Amino acid sequence: MPTYRIAPSLLSADFARLGEEARAVIEAGADWIHFDVMDNHYVPNLSFGPMVCQALRKHAVRADGSKVPIDVHLMVQPVDALAQAFADAGADLISFHPEASLHVDRTLQLIRAAGCKAGLVYNPGASIDALEWVIDKVDHVLVMSVNPGFGGQSFIDAALRKIERLRRVIDASGRDIPLQVDGGIKVDNIRRVADAGADTFVAGSAIFGQKDYRQVIGAMRAELARA
Ligand code: DX5
Ligand code: ZN
């Protein structure tokens, strides 16, 4: 069985209590904290910036004091200056949409040089062809299963075929690259998405929309453990 990770998206959390919400999902079993950055330019919505990430850093810890990775998903254009700002603000992973950067290879290098894992994000309509040319510098790949900008949208089924194809590309690379999926993930479809080849699941409304975060994350894990 692959190592599966659940990454709750704070986009659906109570913004007035972000620190507490991060601690609550970590306590409930979150592996990564997914942090959606929107600039009202690349996507038609505005969320939070590097100062909020920095303020959260001290809350992204487990009871034993170990760090929980902050997984920054940049939906911004241009990318480079903000990628650097989030690295400085304590991000552990930073992913961006390749079409939002003029020089994808350079942006990947910049993120890694800043000490973070670098990821590429593919929109539902985006092609993955160019991944081949930079895969040696890619630490994680994120497939959007909704159009970026909002939580609570429905899963787009074509993402499953893209995940299958990316799984083959990643396996052929021989590198251990997490394959993440983001948008419309729920208890009742997570197994299907895992079967397509994803190992890391972002979920916003499915988790924060319920009272008992532990129950939802537990139900997701039970689906993933099913033979
Ligand atoms: C959308 C964001 C997602 C969003 C997912 O642009 O990238 O991370 O929070 O939300 P749900 O899980 O509600 O589809
Ligand atoms: Zn996201």
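The values are calculated or read from the model by the stated rules, or taken from the named source; none is laboratory data. Values in this document were obtained by computation on a predicted structure and should not be read as measured data. Every residue, glycine as well, gets a Cβ built from its backbone with ideal geometry; the counts of neighbours run over all protein chains shown.
Consider only pairs whose beta carbons are under 6 Å apart and that are at least six residues apart or on different chains; among these, list those whose first residue lies in segment 3-25 and is at pLDDT 95 or above and surrounded by fewer than 23 Cβ atoms within 10 Å (Cβ to Cβ) and whose second residue is outside any loop (DSSP other than H, G, I, E, B) and polar (S, T, N, Q).
From segment 3-25, the pairs are Arg5/Thr200; Ser12/Ser205.
When Thr200 is evaluated against the numbered criteria (1) hydroxyl-bearing (Ser, Thr, Tyr); (2) away from ligand 2 (no atom under 16 Å from the Cβ); (3) within 13 Å of the chain's Cα centre (by Cα), which criterion, by number, is the only one it fails?
(2)
Report the residue count in segment 19-38 for those that are more than 18 Å from Val181 (Cβ to Cβ), among the acidic types (Asp, Glu) and within 12 Å of ligand 1 (Cβ to nearest atom).
Residues meeting the conditions: 0.
For (1) over 22 Å from Ala7 (Cα atoms); (2) touching a strand residue (DSSP E or B) at 6+ places or on another chain (Cβ under 9 Å); (3) at pLDDT below 95; (4) part of a loop (DSSP other than H, G, I, E, B), each residue gets a yes or a no:
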| residue | (1), (2), (3), (4) |
| --- | --- |
| Ile94 | no, yes, no, no |
| Thr107 | yes, yes, no, no |
| Val141 | no, yes, no, no |
| Arg161 | no, no, no, no |
| Glu164 | no, no, no, no |
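Residue by residue through segment 109-133, note down the ones that are assigned to a helix (DSSP H, G or I) and in contact (Cβ under 8 Å) with a residue 24 or more places away in the chain.
In the first step, residues of segment 109-133 are kept if they are assigned to a helix (DSSP H, G or I); the result is 109-113, 129-133.
Answer for segment 109-133, where residues must be assigned to a helix (DSSP H, G or I) and in contact (Cβ under 8 Å) with a residue 24 or more places away in the chain: Gln109, Leu110, Ile111, Arg112, Ala130, Leu131, Glu132, Trp133.
Please specify each residue of segment 95-116 satisfying the condition of being more than 24 Å from Ile156 (Cβ to Cβ) and buried (at least 19 other Cβ atoms within 10 Å of the Cβ).
First pass over segment 95-116, keeping only residues more than 24 Å from Ile156 (Cβ to Cβ): 102-103, 105-116.
Of everything in segment 95-116, those that are more than 24 Å from Ile156 (Cβ to Cβ) and buried (at least 19 other Cβ atoms within 10 Å of the Cβ) turn out to be Thr107, Leu108, Leu110, Ile111, Cys116.
Do we find that Phe155 is in contact (Cβ under 8 Å) with a residue 60 or more places away in the chain and under 21 Å from Leu10 (Cα atoms) in this structure?
Values: in contact (Cβ under 8 Å) with a residue 60 or more places away in the chain: no; under 21 Å from Leu10 (Cα atoms): yes.
So Phe155 does not fit the description; no.
Tell me which residues, restricted to segment 166-197, are away from ligand 2 (no atom under 16 Å from the Cβ), under 28 Å from Lys137 (Cβ atoms) and surrounded by 14 or more Cβ atoms within 10 Å (Cβ to Cβ).
Across segment 166-197, the qualifying residues are Leu166, Arg167, Val169, Ile170, Ser173, Ile177, Ala194, Ala196, Gly197.
How many residues are farther than 18 Å from Phe96 by Cβ and within 13 Å of ligand 2 (Cβ to nearest atom) if we restrict to segment 14-49? Break it down into steps so the answer makes sense when it comes.
Initially, segment 14-49 is screened for residues farther than 18 Å from Phe96 by Cβ, giving 14-31.
If we keep only those that are within 13 Å of ligand 2 (Cβ to nearest atom) as well, we get none.
So the answer is 0.
May I ask you to list pairs of residues, at least six apart or on different chains, whose Cβ atoms are under 7 Å apart, with the first in segment 171-186 being away from ligand 1 (no atom under 16 Å from the Cβ) and the second being not polar (S, T, N, Q)?
Filtered contacts from segment 171-186: Ser173/Ile135; Ile177/Val138; Ile177/Asp139; Ile177/His140; Ile177/Val141; Ile177/Ile170.
Does Ile70 meet the test of being in contact with a strand residue (DSSP E or B) (Cβ under 8 Å, 6 or more places away or on another chain) and surrounded by 24 or more Cβ atoms within 10 Å (Cβ to Cβ)?
yes
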